[in-house]
Every structure is written in structure tokens, then in C-alpha cells.
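Contents: one structure, followed by commentary.
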Number of protein chains: 2
Amino acid sequence: MKRSKKTRQQELQETIQTTPFITDEELARQFDVSIQTIRLDRTELSIPELRERIKSVAELGWQETVKALPIEEVIGEVVDLELDRRAISILDIKQEHVFSRNNIARGHHLFAQANSLAVAVINDELALTARSRIEFTRQVNLGERVIAHAEVQGEDEKGRSIVLVHSFVEDEEVFTGSFEMFRSNQ
Amino acid sequence: MKRSKKTRQQELQETIQTTPFITDEELARQFDVSIQTIRLDRTELSIPELRERIKSVAELGWQETVKALPIEEVIGEVVDLELDRRAISILDIKQEHVFSRNNIARGHHLFAQANSLAVAVINDELALTARSRIEFTRQVNLGERVIAHAEVQGEDEKGRSIVLVHSFVEDEEVFTGSFEMFRSNQ
């Protein structure tokens, strides 16, 4: 049975409140409606689009300091950080990030943004990547802005921190990775 | 039952002939003897160490041309290439590749070497990484030389090429990755 519009909008509001970085695509999948319906719902509920939601979080400012590496060694600009919980960074795809032949962003730059964010979010003097599974879900082109969103998922059986990173261009997911991080206080 | 020394040395010689880039560690595991025994066997059989074996292959020269990207866009120096089969590259770890704090090589540079080699080995005008699983098996330090060895494993059920990359510092494996490559002639 499909939800009524009222129920859907109520649940939608709650979902976005608890997971503000969820994309319209993911919401459409979750609620089993079209992306257009989600957009209409957001408009009626005055919920800004993902890009605006990210910006508003970033504008609140963040007081925490990256511990595992000097902040200038993070690839991309960190706009949000809560150590051992979550972090967000922005990377603008420029000429030096793309294949010269087709202006498609090279995988290792998206990886570098995500991986260095996974290091930065760890609340420890030493954080090294042990293992990772990644997926490039759509190609990224010259001039696009990639927003990476890292979330610490807790520890595995070896005491390593698991960090999940999702990277987006506007509302589209372009990269996803899970990083198993070794840290010195294990 | 353990093999006799004669049998072991015979089998060792055959193994190295068919898989010249196998490390002493792997051989020791395979033959269930110590690394010292493998080294002694190699000396008695006049089989050079891995580094020398790689160099001798590289010196034979390679006539094939990288197709999927301009060769200067490969991270590391390609020293061997047989399209759609195998490739080898060398990356010397310099100051720009390490964390300033501890001189440990940053993961994304090892990833970039391996991933760009996985692109380079594909015999196609377009090769993009779809998915990857990687493992950093020991940390790499400033001044070390990383030799990456890519092997095309064939295709998966979606027609994507699977490329396995193993990277070594001397005889020690430091990185391993499998890359699922999308190519234009699928």
C-alpha cells in the first residue's frame, strides 16, 4: 500500500532531519516515488535542495581541528568536521584533475579527496588506511564540484575505524567508498 | 611429506619461469619453507632476486603503445607493457608523496600508480574505473621505490575487464588492488 501524500511528506521531513545529506534520488528510491515528486514535496515543505542544506551546515562553522594530518594536506576544502563522527569537503574539478583527452576526472583524485577526508575525521595523531572498497558511480567532468561526506561507522573486530564516504555532484552520487582505518591508539 | 631439495629446486625454477614476478615471501609460503631457504635455492640455481628479474624484463624493451591515455598521464614510469595482458611501472617515493609528519607515503599516490597502470594496460581508447578493492599491506616510506605489476584477469559477467595490481618495495608487497574497468568496446 502506498503512503498517503500527508504521511509521505511527514516521513520525508523526518528522514531529511536525521540524514540531511540524503539525495533526492535516494529519497525517491526509499519512498518509491519519482524524483519529481520528491522535489515537489520539498518545495511544498520549504526544504532546500541538498546543495543548500550542505552550505547551511558549513556556514554554521566548525570549531574542531584536524588531528591526524595538517589541514593543508587534506585534498579538497574541509567545510565541516566533527572528529570521529563526520566530515565534509569540497573539491572543484579543474584541468589538473582530468584526463586531457575527454575532460573526465581521474579516479585517483576522487579517491584522494575521499581518502584524505577519512584520515582527517579520525581523532588520533596517526591514521593510516588499511583497506578500502570503492565505487565510481558516475563520471565527473571538468568544472563540476564534488562534495564528499564522510561518516565514521564505528569499529570492526580488529579495532579499526570504518569510515564511509559518499561523494556527490549536486544531487547525484559519483563515488562511494568504505575505508578501514588503522589508528595509533588501537 | 616434504619435497626433497632436488624436487623443490626443480619446481621452484619452473614456478619462477612461469611467474617471474613472484616474491621470495610468496615462494616460501608456496613451498612451505623459510625465506632463507628460498634465497639459498635461488643462489644455487643462479636465479637473480626479484628486483633484478624485473629489471631484466624491462631492459628487453617493449614495443606496445599505451592506448587509453597519453603515456605522460600514467603515474609512475611504465617499464613493461603488453596490452590487455600485463604492465609494470616504477614510482620513486619523494617528498611530495608523503605525509609531512612521518614521511609515510600517502595512500592515494600508491592508488594512483596502480589505478593509472590498470587504465594503461587496457587495449581501448576509453577505459574508466568502475569499482575497486584495495589493501595497503605495509607502509611505504620516503625514498623507497614502488614497483607495480598489473595483470589483466579477463572479464566479469558485465564484460568489464578485471585488472589485478600488486605493488612491491623490493620483495615485500605493499599494496594490492583489483580494478573493474569499464571500456568503450563493451
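The values are calculated or read from the model by the stated rules, or taken from the named source; none is laboratory data. Predicted model, so just to flag it, every value in this text is computed and none were measured. Here the Cβ positions follow ideal geometry from the backbone for every residue, glycine too, while neighbour counts run over all protein chains shown. To get the accessible areas, we keep the full protein, side chains included, count just its heavy atoms, and leave off ligands, DNA and RNA. Shrake-Rupley method; radii C 1.70, N 1.55, O 1.52, S 1.80 Å.
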Exercise. Give the residues of region B:113-129 that are more than 25 Å from residue B:52 (Cα to Cα) and more than 9 Å from every other protein chain (Cβ to nearest Cβ), sorted by residue number.
Key: B:122, B:123, B:124, B:127
Quiz item: Out of B:153, B:113, which single residue is within 23 Å of residue A:101 (Cβ to Cβ), touching a Leu at 6+ places or on another chain (Cβ under 7 Å) and polar (S, T, N, Q)?
Solution: B:113
Self-check item: Failed item, numbered, when residue B:13 is tested on (1) touching a Ser or Thr at 6+ places or on another chain (Cβ under 8 Å); (2) open to solvent by 30 Å² or more (accessible area, probe 1.4 Å)
Solution: (1)
Exercise. Of the conditions (1) surrounded by 13 or more Cβ atoms within 10 Å (Cβ to Cβ); (2) farther than 27 Å from residue A:132 by Cα, residue B:7 clears all except one; give me its number.
Key: (1)
Exercise. Please work out if residue B:72 is open to solvent by 10 Å² or more (accessible area, probe 1.4 Å), within 11 Å of chain A (Cβ to nearest Cβ) and modelled with pLDDT under 95.
Key: yes
Exercise. Confirm whether residue B:132 is open to solvent by 30 Å² or more (accessible area, probe 1.4 Å) and either within 7 Å of another protein chain (Cβ to nearest Cβ) or under 21 Å from residue A:180 (Cβ atoms) (or both).
Key: no
Quiz item: Can you pull out the residues in region B:1-25 that are in contact (Cβ under 8 Å) with a residue 40 or more places away in the chain and among the acidic types (Asp, Glu)?
Solution: B:24, B:25
Practice problem: From A:100, A:161, grab the single residue that is in contact with a Pro (Cβ under 7 Å, 6 or more places away or on another chain) and either within 11 Å of chain B (Cβ to nearest Cβ) or under 25 Å from residue B:103 (Cα atoms) (or both). | Solution: A:100
Quiz item: Quick one: in region B:137-186, which of the residues that are basic (Lys, Arg) and either more than 16 Å from the chain's Cα centre (by Cα) or assigned by TED's automatic domain parsing to the domain that holds residue B:29 (or both) is most open to solvent (accessible area, probe 1.4 Å)?
Solution: B:158
Quiz item: Residue check: is residue B:110 open to solvent by less than 10 Å² (accessible area, probe 1.4 Å), closer than 18 Å to residue A:116 by Cα, of a type outside the set (Ser, Thr, Tyr) and within 13 Å of another protein chain (Cβ to nearest Cβ)?
Solution: yes
Exercise. Sort out which residues of region B:140-158 are hydrophobic (A, V, I, L, M, F, W, C), within 14 Å of chain A (Cβ to nearest Cβ) and not in a loop (DSSP other than H, G, I, E, B), and write them in order of number.
Key: B:148
Quiz prompt | Matching residues, region B:80-99, being open to solvent by less than 20 Å² (accessible area, probe 1.4 Å) and within 13 Å of the chain's Cα centre (by Cα) | solution = B:80, B:81, B:87, B:88, B:89, B:91
Quiz item: Does region A:27-49 contain any residue that is over 20 Å from residue A:174 (Cβ atoms) and at pLDDT below 85?
Solution: no
Exercise. Give me the pairs, please: first residue somewhere in region A:114-133 and touching a residue at least 40 places away in the same chain (Cβ under 8 Å), second residue anywhere and assigned to a loop (DSSP other than H, G, I, E, B) and basic (Lys, Arg), beta-carbon distance under 7 Å, and either six or more positions apart or on two chains.
Key: A:123/A:67; A:124/A:67; A:125/A:67; A:130/A:160
Self-check item: Scope region A:100-133; condition over 13 Å from the mean Cα position of the chain (by Cα), aliphatic (A, V, I, L, M) and not in a loop (DSSP other than H, G, I, E, B); matching residues
Solution: A:104, A:105, A:112, A:119, A:120, A:127, A:128, A:130
Practice problem: Say whether the condition of being more than 19 Å from residue B:115 (Cβ to Cβ), in a loop (DSSP other than H, G, I, E, B) and without any contact (Cβ under 8 Å) to a residue 12 or more places away in the chain is met by at least one residue in region A:78-91. | Solution: no
Quiz item: Here is a list of conditions, (1) out of contact with any Leu (no Cβ under 7 Å at 6 or more places or on another chain); (2) more than 10 Å from chain A (Cβ to nearest Cβ); (3) among the β-branched types (Val, Ile, Thr), and residue B:137 meets all of them except one; can you say which number that is?
Solution: (2)
